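Here the structure is laid out as structure tokens; the discussion comes afterwards.
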Amino acid sequence: MGQLRRRKELEEDEGEPEGPKYCAALKRAEDPQSQLEIGLAYLDGICTGQSVYTAVYWLEQAAKGGSETAMYVLGQIYENGICLEKSPASAAKWYRWGADRGHGPCAYNLAYMYENGIGGPKDPEKAFALYRKASEDSSSDEDALSDALFAVGSMMLRGNGTEKDPAGAAEVLSRSAELGHAGAQLLAGKILLASDRGKAVSFLEKAAEQGDEEAAKILSELE
């Protein structure tokens, strides 16, 4: 369900009051960051036991105030039905809010919904555009960025949602592979075998080291 921060990560310093006093102190603040922290605290059960409904209320306040993390967490709650009934429409709404603000993880999850027809018909063109937006979020961590690049490269390779472009796909997949994505290492390695054997073998070896059986098989056949 994304990375819901634990208590020690919510506190700004070790001097914060504990338990109900801590939450009461947060509630006096009206800024989106504090509202986000209240929502996460209730979601984790830090205050007075887990309360998803209370968490959703505070997360919505934070999201309406511009917190992209709150938008992402709300999307996760509704997409996965975390103590609430699943609602693809509500999940898409919050992911879209975040995606429109350039939040990579929101754009990625919304793209996944469009690609797989979750909550509506499949729309590969929208999926590709959103995956590309996710791949351009420089604030994303390496895992999130490599996932987005892999999705973009895979769709370019298949010609799904965009024109088929093996050369462009190889470039994008190579970027993902360099960030450690095993699937990208396999695909980039296979594509590059004909043009850059050294680089291809390097990617395939890295994929095999991560347990990819197809990469290991290709390497054995090259010996």
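None of the figures in this text is laboratory data; all of them are computed from the coordinates on show. Owing to the predicted nature of the structure, the values given are computational and were not obtained by experimental measurement. No Cβ is skipped: glycine too gets one built from the backbone with ideal geometry, and neighbour counts run over all protein chains shown.
Miscellaneous remarks
- Low-density loop cleavage sites - trypsin sites (Lys or Arg not before Pro) in region 158-223, where at most 14 other Cβ are within 10 Å (DSSP): K164
- Note on Y53 and S220: the model spin-label points, each 7 Å out from Cα along the C-beta direction, lie 5.8 nm apart.
- Of the GluC sites (Glu not before Pro) in region 60-132, those whose Cβ has at most 11 other Cβ within 10 Å and which sit in DSSP loop: E85
- Hull-based mean projected area of region 102-223, where the convex hull spans the alpha carbons, in square nanometres: 7.5
- The modelled label-to-label distance for the pair K64/S139, using points 7 Å beyond Cα in the direction of Cβ, is 2.2 nm.
- Listed pairs K64/K126; K93/K190; K122/K206; K64/K133; K86/K164 exceeding 29 Å between Cα atoms: K93/K190; K122/K206; K86/K164
- Residue-span extension gain [R158 to K93] - 0.36 nm each, minus C-alpha spacing: 20.6 nm
- Mean sequence separation of contacting Cα pairs (under 8 Å, at least six apart), scaled by the length of region 102-223, corresponds to a relative contact order of 16 percent.
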